[in-house]
Amino acid sequence: MKLSKKQRAELREKFGGRCAYCGCELPERWHADHFEPARRDLEVRQGADGVRRLTSVGTGRPESNVIENMMPACPPCNISKSSMPLEAWRRWIAGHVNSLNQYHPIYRLAKSYGLIVETAEPVVFYFDKASQAQRQA
Ligand SMILES: [Zn+2]
């Protein structure tokens with residue numbers, strides 16, 4: 001969906017100029033993300049070999065291509081989320097620590113020297129916190 005300049009400016013301010021997901025200040029070249037993917041044909045699935053991959057599971061969803069379904073996102077979040085549904089992406093991010101421990105010796109070494117502390121905290125998106133704060137105000 002092509003946003004007008006005004007729509008894009010409004011979308012940028014949806015969370016005070018911050019990425020809806022990680023909460024960083026949006027860079028100049030931010031992305032307008034489809035909250036519900038316009039294409040919901042990819043999901044993280046575990047293959048027979050035990051490796052989790054993005055897997056095609058269906059057809060596109062043109063009804064998601066509306067301004068109400070858009071979120072301001074930094075490029076790394078938007079590219080990482082890709083066309084994953086939110087909860088699938090949340091699970092995928094949560095799995096990154098396991099991947100780092102499994103496949104990255106420099107991560108394990110840095111951890112063994114106390115440079116990295118794993119918190120086991122749940123993945124909470126910025127918009128989750130922002131809407132929680134709004135409910136408490
Ligand atoms: Zn982000």
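Read the figures in this text as sums done on the coordinates, not as results from a lab. No experiment lies behind these values; they were computed from the predicted model shown. Positions of Cβ are backbone-derived with ideal geometry, glycine not excepted, and every protein chain shown enters the neighbour counts.
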Cβ-Cβ FRET estimate between Cys24 and Arg108, R0 fixed at 25 Å, reported to 0.05: 0.40
Packing-based order for 32-38, 113-119, using average beta carbon neighbours within 10 Å, highest first: 32-38, 113-119
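Residue separation times 0.36 nm, minus the C-alpha to C-alpha distance between Val66 and Val124: what's the value?
Additional length available on full extension: 18.4 nm.
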Max mean-square fluctuation residue, GNM over the chain, Cα-Cα springs under 10 Å, options Ser64, Ser80, Ser99: Ser99
DSSP H segments from the chain that extend 20 Å or more along their own axis, Cα-based, with Kyte-Doolittle mean of 1.0 or above: none
Label-to-label distance, nm, for residues given as Arg135 and Lys5 (7 Å Cα→Cβ offset): 3.9 nm
For the chain, built as a Gaussian network whose Cα springs stay under 10 Å, the top-fluctuating residue of Arg52, Arg108, Arg18: Arg108
